[in-house]
Amino acid sequence: MVSISERTEIPAPLDEVWPLLSDPATVASCIPGAQLAPDQGDGLWRGSIRVKFGPTVAVFRGEATLDFDHGARRCTIEGRGIDQRGASRALASGVITASGGPTTVLDIDGSFTVTGPLETFANAGGVHVARALLAEFSGNMAKVVAERRGAGPAPAAAEGAGREPAAPPQAPPRAPAAAELSAARLLWRAFLSWLRSLFGKGRT
């Protein structure tokens, strides 16, 4: 079992970010390559993530239960997944807590277990891969906040003669799916994270 304790920042106010974090569809759209399955509603959130290894695309499918504490701005997650060939399986659990003011801070504490061909890789570099994924997620979430700000309804026109009737407000756009996850790019970011951790240990 591998433990993970990470912190990431989203350059947007907590009051704007938390409602988006409470929407699994929006969260999935900010994870590169992730997609929710259409058959939701029984307490489980099912989905998949596509990872591109050069010309090959691997698909991992999984499901998770989410328990939100909106007062504490906290979410508890229990999940499991399996790759498309059934060779590797993963179990994960964790707690995500949001805090901050003008900038949202996410604290992630949890653990995961991987069995099968990917076990060695997960045990050696899983934390660094997770750190790289969090960095991409935070950037994508900040973009969603900015886009929704720009899509706010236009102010209503004042009443009076000669005024055109105000156009009906448009609903905020759905967050577009994040780009397909590139293993090469992700592993590069994970490698940089690993290097930073080495230099950090050397300074202490």
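Out of the residues in the range 28-57 that are basic (K, R) and either over 22 Å from E78 (Cβ atoms) or in contact with a His (Cβ under 7 Å, 6 or more places away or on another chain) (or both), state the one that is modelled with the lowest pLDDT.
Going residue by residue through the range 28-57, those that are basic (K, R) are 46, 50, 52.
Filter again for either over 22 Å from E78 (Cβ atoms) or in contact with a His (Cβ under 7 Å, 6 or more places away or on another chain) (or both), leaving 50, 52.
Values: R50: 76, K52: 64.
Selected residue: K52.
Return the total of residues in the range 112-136 being touching a Leu at 6+ places or on another chain (Cβ under 9 Å) and closer than 26 Å to G71 by Cα. Qualifying residue count, the range 112-136: 1.
Which ones in the range 1-24 are under 22 Å from S93 (Cβ atoms) and exposed (fewer than 14 other Cβ atoms within 10 Å of the Cβ)?
Residues of the range 1-24 under 22 Å from S93 (Cβ atoms): 1-8, 18, 21-24.
Within the range 1-24, M1, S3, S5, R7, D23 meet the criteria.
Number of residues in the range 69-78 that are in a strand (DSSP E or B) and either in contact with a helix residue (DSSP H, G or I) (Cβ under 9 Å, 6 or more places away or on another chain) or among the charged types (D, E, K, R) (or both) equals 4. From the list T113, T104, T120, T97, the one residue that fits, being on the phi < 0 side of the Ramachandran plot, surrounded by fewer than 17 Cβ atoms within 10 Å (Cβ to Cβ), at pLDDT 90 or above and β-branched (V, I, T), is T97.
The values are calculated or read from the model by the stated rules, or taken from the named source; none is laboratory data. Small disclaimer: the values here were computed from a predicted structure and weren't measured. Positions of Cβ are backbone-derived with ideal geometry, glycine not excepted, and every protein chain shown enters the neighbour counts.
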